1. Would you confirm, using the coordinates I've provided, whether A:Gly274 is small (Gly, Ala, Ser), within 14 Å of chain B (Cβ to nearest Cβ) and touching a residue at least 24 places away in the same chain (Cβ under 8 Å)?
2. Among (1) away from chain B (no Cβ under 14 Å); (2) surrounded by fewer than 21 Cβ atoms within 10 Å (Cβ to Cβ); (3) under 27 Å from the mean Cα position of the chain (by Cα); (4) not basic (Lys, Arg), where does A:Val280 come up short?
3. Within the stretch A:197-210, is even one residue crowded, with 23+ Cβ neighbours inside 10 Å, under 19 Å from A:Ile281 (Cβ atoms) and not assigned by TED's automatic domain parsing to the domain that holds A:Leu106?
4. How many residues are within 12 Å of B:Arg130 (Cβ to Cβ) and outside any helix (DSSP H, G or I) if we restrict to the stretch B:53-81?
5. Could you go through the stretch A:421-430 and let me know if any residue there is under 23 Å from A:Phe334 (Cβ atoms) and of a type in the set (Gly, Ala, Ser).
6. So if I check each of B:Leu230, B:Leu284, B:Leu308, B:Leu251, which one is touching a strand residue (DSSP E or B) at 6+ places or on another chain (Cβ under 7 Å) and either modelled with pLDDT under 95 or within 14 Å of another protein chain (Cβ to nearest Cβ) (or both)?
7. Regarding B:Leu115, is this residue facing chain A (nearest Cβ under 9 Å) and under 28 Å from A:Ala243 (Cα atoms)?
8. Check A:Thr446, A:Thr416 and return the single one that is touching a helix residue (DSSP H, G or I) at 6+ places or on another chain (Cβ under 7 Å), surrounded by fewer than 20 Cβ atoms within 10 Å (Cβ to Cβ) and more than 21 Å from A:Ile84 (Cβ to Cβ).
Amino acid sequence: MPIDLSQYDISRAYDELLVRPNRARRHAKNLAAHLRKMDEAELAARQAAADLAIKEMGITFTVYAHAKGGTIDRAWPFDIIPRIIPKSEWDAVEAGLKQRVTALNLFIDDLYHDQKIVKDGVFPAEVLADSKNFRPQCVGVNPPLGIWAHVCGSDLVRDSDGTIYVLEDNLRVPSGVSYMLENRQVTKRVFPELFEDYAPMPVDDYPSQLYDTLAALSPRRVRNPEVVVLTPGIYNSAYFEHAYLAQQMGCQLVEGRDLFVDSGDCVQMRTIYGPQRVDVIYRRIDDLFLDPATFNPESTLGVPGLFRAWQSGKVAVANAPGAGVADDKVVYAFVPEIIRYYLGEEPGIPNVPTYRCMDKGERQYVLEHLHELVVKPANESGGYGMLMGPMSTAKERATFARLIRRSPRNYIAQPTLSISTVPTVVGDHVEPRHVDLRPFILSGRTTQVTMGGLTRVALRKGSLVVNSSQGGGSKDTWIVDEEKG
Amino acid sequence: MLSRVAENLYWLSRYIERAENTARLVNVNAFLLLDLPPGTAPGWEPLIAITGSQPRYQELYGSGCDERSAVRFLLGDPRNPSSILRCLEAAREACRTVRDILPREIWELLTQLSLYVRENLAAGLSKKGRHAYLREIIEGSELIAGKVISTMMRDESYHFLAIGRNIERADMTTRIIDVRSGSLLPSDTTELRPFEAIQWISVLKSMTAYQMYRRKMQVQVQRSEVLRFLFLDRQFPRSFLRTLDAIGESLAELDKQREIVAYLKGLIAKVETTPVEELRRDDLHAFVDTLQLRLIELHQQIAATYFLPPQVQAQSA
């Protein structure tokens with residue numbers, strides 16, 4: 001039996017590919033035609049082929065399993081039906097992201113220098129004072145090009161009326177870009193004929209753009225600066241990505257124990273023929289583990305003296321230590337004001353309406369509407385420590401009410417968005433599943449945005465949680481120029 | 001090249017070579033047993049001895065050495081660190097940390113092979129499925145070696161892989177000779193004498209050396225000639241001297257190798273000047289013992305020169 005899109009159970013949410021059952025959006029017409037020509041067995045066979053390709057390509061992520069006292073490797077769950085975005089719409093999103101990251105970099109640089117935005121009363125001093133990710137050690141440091149967040153991953157969602165919002169910005173060590181690249185490879189293997197009707201904008205140039213962004217930071221003016229990727233090691237959930245990026249860029253993948261700082265504050269790596277100087281470190285380790293001499297003395301992942309080397313300009317570190325100050329969910333609530341303050345422009349992409357629990361009136365509203373809001377802690381990532389109001393129990397709501405009253409600065413709340421869906425293979429047919437989108441923004445001499453990004457999909461029916469650590473998967477994301485077909 | 005990376009490449013290829021050699025041993029032993037009169041066969045104990053894991057085996061299975069336990073132990077027992085399963089997992093773990101260095105097909109092949117070994121273990125343990133299972137492992141390992149040879153640049157990464165592979169191969173060659181020539185056959189049992197040639201043929205076959213031996217030596221398979229071939233032939237890729245030559249060739253492409261090369265030359269000279277074909281049982285065993293200790297020393301010199309210093313290594317992620 002061919003795939004029947006008339007049974008597609010479109011929900012209240014916006015669907016990225018269908019307007020209503022059996023009626024594809026303009027940019028998805030060819031895809032829908034392909035699906036209709038395909039029978040159920042073939043659809044399932046293609047999905048199985050993709051699963052096998054992923055297993056064989058060794059595309060994995062690692063999950064923490066506290067119960068087992070260790071970690072396990074899981075194949076990366078992937079859905080074969082691509083999510084398609086028309087280029088005309090994407091252009092506006094891209095411009096909005098560039099604007100946002102530019103403003104955030106100016107904001108971070110200001111916080112570590114004159115703090116004009118605080119003095120001008122736009123950004124509250126007490127938020128800064130309470131920030132877990134503000135690093136006093138970074139005050140006065142001038143990183144190359146004045147840029148702190150060289151790689152940013154911003155999460156976008158689309159609400160039921162079609163509006164795209166920024167849900168959060170990841171400015172510390174955002175991950176997922178390798179899956180974006182690998183997803184395209186898998187789609188090419190299992191769905192080659194779709195590429196005859198569509199010419200999705202290529203994504204493969206990301207590693208070379210990343211390399212150029214990093215190499216431009218080198219303190220030494222040499223033709224081939226030594227750029228390395230610093231990983232916490234094979235037990236990190238994103239280790240696959242660290243290795244992948246190093247390989248794609250032709251850089252060394254190093255662990256803390258491979259590096260040391262010499263008496264001249266230069267970072268050296270231990271090679272088979274002795275020490276060799278490092279110019280740029282793309283670090284995938286959190287600030288606090290970077291340098292036991294400056295931050296967490298317990299850290300065995302970092303390199304003693306690394307902070308001093310960075311401070312004195314002998315090595316560039318991306319993202320710069322301290323960049324995470326803008327990655328805080330309370331800071332997030334101020335981003336529209338931050339954009340207006342530094343750039344004098346209106347935000348190109350709106351924020352999700354956000355209640356700041358630090359504000360008395362807004363806190364009261366949050367406490368009274370916990371059952372319909374999503375409450376997020378300011379400094380967690382990966383979907384941990386959240387309250388999903390509509391699905392919560394009275395006991396959970398009581399716990400959160402207590403947490404919010406105890407440290408209001410640490411919580412924000414947002415309305416539960418009805419985030420958009422994309423047809424997704426479930427057994428031998430397709431059903432709508434909720435998605436978000438994480439584009440990656442590179443800032444250096446120029447600002448570049450990936451063509452699309454990583455679409456994460458909540459594979460459980462009705463679920464809104466897309467994190468891979470909590471049952472999420474992903475899809476290939478296509479930016480398609482409608483003018484060209 | 002990072003010291004840690006050099007070390008992982010070296011171990012990666014040692015582990016793959018070890019898995020392959022174990023598969024060869026099990027395969028040939030199974031066929032050999034079919035050729036010997038029931039009751040006289042040495043059974044599976046020599047294989048456990050070759051892999052140097054008697055203590056672990058006895059701990060797990062007791063003193064008896066039936067086919068089923070021995071094969072399970074060698075192929076797929078997760079409690080035996082030298083089992084094929086564990087070797088390939090260790091190789092994969094080492095490979096994970098050097099994925100940025102190797103062509104990605106090598107990671108994919110190793111992942112496939114490792115999955116194959118795990119998922120088809122039941123077939124591998126059955127008499128019927130064993131041959132195909134082991135051949136898959138041997139060919140999987142050869143495919144990886146072939147990819148290395150045909151796609152990798154001849155830079156340091158290639159040479160550390162080659163050194164690891166050849167040290168492991170040299171070690172295994174001496175182990176096979178030791179066990180097959182010594183403890184396997186009591187030298188004065190008349191009833192097995194007619195089968196001695198078969199024994200030596202099995203030694204050759206376990207190293208895919210039988211055909212090459214016949215081409216090269218043009219004589220009947222006999223102990224003295226087999227020993228000369230396996231120790232001294234400089235053209236056969238698994239002979240002891242050839243593997244040492246190969247290590248020397250790789251070292252020549254690196255820097256800081258002078259002392260290691262001097263040591264290696266001493267070892268080569270030692271083998272060249274020993275009349276291996278004349279060594280009787282106990283002397284041969286003592287000789288092999290010396291060679292294995294020298295290989296350990298060779299490994300230690302390489303580690304001290306190129307790998308992470310032990311105090312840094314201990315600071316693991």
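The values are calculated or read from the model by the stated rules, or taken from the named source; none is laboratory data. Given the structure is predicted, the values throughout are model-derived calculations rather than measurements. Methodologically, a virtual Cβ is constructed for each residue, glycine included, from the backbone with ideal geometry; neighbour enumeration extends over all protein chains shown.
1. Judged against the criteria, A:Gly274 is not a match.
2. Condition not satisfied by A:Val280: (2).
3. For the stretch A:197-210, residues crowded, with 23+ Cβ neighbours inside 10 Å, under 19 Å from A:Ile281 (Cβ atoms) and not assigned by TED's automatic domain parsing to the domain that holds A:Leu106: absent.
4. Residues in the stretch B:53-81 being within 12 Å of B:Arg130 (Cβ to Cβ) and outside any helix (DSSP H, G or I): 1 in total.
5. Within the stretch A:421-430 (the criterion being under 23 Å from A:Phe334 (Cβ atoms) and of a type in the set (Gly, Ala, Ser)), the answer is no, since none of the residues qualifies.
6. B:Leu308
7. It is true that B:Leu115 is facing chain A (nearest Cβ under 9 Å) and under 28 Å from A:Ala243 (Cα atoms).
8. Only one candidate passes the filter, namely A:Thr416.
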